[in-house]
Each structure stands twice: as C-alpha cells, then as structure tokens.
1. When only alpha-carbon atoms count, how far does the range 169-266 stretch along each of its three principal axes, as whole angstroms with the largest first?
2. If I take R0 = 22 Å and measure r between the Cβ atoms of His195 and Thr96 in this structure, what FRET efficiency does the formula 1/(1 + (r/R0)^6) give, to the nearest 0.05?
3. So how many Å³ per residue does the convex hull of the Cα atoms of the range 106-259 work out to?
4. For the range 82-121, what does the convex hull of the Cα positions come to per residue, in cubic angstrom?
5. Within the chain, which complete DSSP H helices have Cα atoms spanning at least 15 Å along the helix axis and a mean Kyte-Doolittle hydropathy of 1.6 or higher?
6. Sort Trp234, Trp225, Trp106 by Cβ crowding within 10 Å, fewest neighbours at the top.
7. Return a whole-number percent for the relative contact order of the chain, with Cα pairs under 8 Å and 6 or more residues apart as the contact set.
8. Please report, in Å, the Rg and the Dmax of the range 129-210, where both are computed over Cα atoms only.
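Every number in this text was worked out from the coordinates using simple rules, so none of it is lab data. These numbers were taken from a predicted model, which means no experiment stands behind them. Glycine gets a Cβ as well: all are built from the backbone with ideal geometry, and neighbour counts include every protein chain shown.
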Amino acid sequence: MNTNVHRVEPGSKVRMKDFDPDATPLCGDKADGKEQSLKVQQRLGELQELLYAEHHHKVLIVLQGMDTSGKDGTVRHVMNGVSPSGVQVFSFKKPTEEELDHDFLWRVHAKTPGLGEIAVFNRSHYEDVLVVRVHNLVKEKVWRKRYEQINAFERALTASGTVILKFFLNISREEQRKRLQERIDDPKKHWKFQHGDIEERKLWDDYMDAYDDVLEKTSTKHAPWYVIPANAKWYRNLVIGNVLADALDSLKMEYPIVDLSGEVVD
C-alpha cells in the first residue's frame, strides 16, 4: 500500500481545503479495508514484539485532529494487536502550574519513548502552536518561534534513534457535526460531550489556518506529517496501521541471540 499519497512532502505548500476528508484512494471497499486491517493488526503485534526484544529503536506517534476526529478510536483499533507492555499513550491537556514554569517542550520530552517502546501522543506539543495561537494565549512572536523549536526537538529525538510518525486526522465540518450530535443523542456517549466542543467548533476556520502552517512548517524528512482522510473510520485505521507497520519493517530488526545464561551474544 503506497501510503505516501497521504504524506506531506517537506517544503510543500499546504492548504487544508485541498485535502478531501472523504477520500479512500488506497482501498475503496469498506469490507476489504476492514479485512486488511485485521492482517495489519497481526503484523503490528509481531513487529512490536520484535521492537521490544531488539531494544534498539523507539517509536513516537503523534495524533492531532479536531474534536471527534477519532484520536481515541485510532489508538483503540490500530493498537488492538499490540502488547500493552510496550505501548504508552499520553494526552496533553491544559498545562499545570509546574509545567508553565518550564519551556513548552519540557512536559513533552519527559513522555517520549525509551528503547523498545512505542509512545502515542493523543494531542501533543503541537497544541502550543494550535490552541495557543487560536485563543491568543501568548503573543504571536512567541508561538511563531515554536515551529523551528519543534523541528529542532524532533530532530534531536530522531538522532537518538526515535522514529517519529505524525498524523492529522482530517474530518469535515459536517462529519464533526454528526459525531457531536451522536454524543448528545446516545446515552452511552454522553460522557464524551463537552459544551466547550461547540465553542471550539465556531473557531473551525481559525484552526484550519493554524493547521496549514503546522503541516507546512513542520513536515520534515525525519518527522513527516500524514494527512489522513478520517470521515471513514475504517480507512483511517487501515492507512495509519500500514504506515506504522511499514516504518517498523524498514528498521530491519532482528531478535537478539542469547546464550544459555540469558546474556545477549554480540
């Protein structure tokens, strides 16, 4: 599967309006897509075990998207076949007082993966050039500097052996409206609904402008962004699963050889 069709090429001009959230170019059939996803889940389970056993690499997955875009669902479905012992999921919300006393990357760096681990950021350091920008929480001259600071941070992570995969889950405004309404109508989903979601929805265009800059300025060779059409949940899961599996495959990992005492043999 050539998932590169969804990758934002470094240096390219980005306009969110050019991306179709309904597109399913790599698999147009839902039933086939779900069947393929099951195979990808099995493949990911094997690759994650190898990652953990070899203990040479680290993987950081960044998930960004508007409310209801499916960040939680992505984690639940894509990681379904992966051992919980090798994966950690972090969600970065409003900074604490202690976190505000440090630079904006301080709290994030502490959660990056160790050797053999996969870390998933469900929202991330990019909130500091998204929410912060849209709500004017800091001056423009402050958040504009953060693009290069983020690039430098991610460059340092990759230099230390971290594979970084960043996904923007692209849903339409109409699809978001439907999903928010489901949260209101379905008693089992009431807990997901927050009145603040409606207020944030009013700022949709401002967020799209902010995402234009994020994707354009921070999709790099070492840490690329993928814009994933996410109106179809099954397609979202299929593509992200394949991107992750292909990235792990490319590491050419091998199980360590150990002697009878359990020591790793060079």
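1. Reported extents, whole Å, longest axis first: 61, 38, 23.
2. It comes out at approximately 0.45.
3. Once divided by residue count, the hull of the range 106-259 is 163 Å³.
4. 71 Å³
5. Membrane-span-like by this criterion, though nothing is claimed about a membrane: none.
6. Exposure proxy ranking, most exposed first: Trp106, Trp234, Trp225.
7. Reported relative contact order: 36 percent.
8. 17.0, 48
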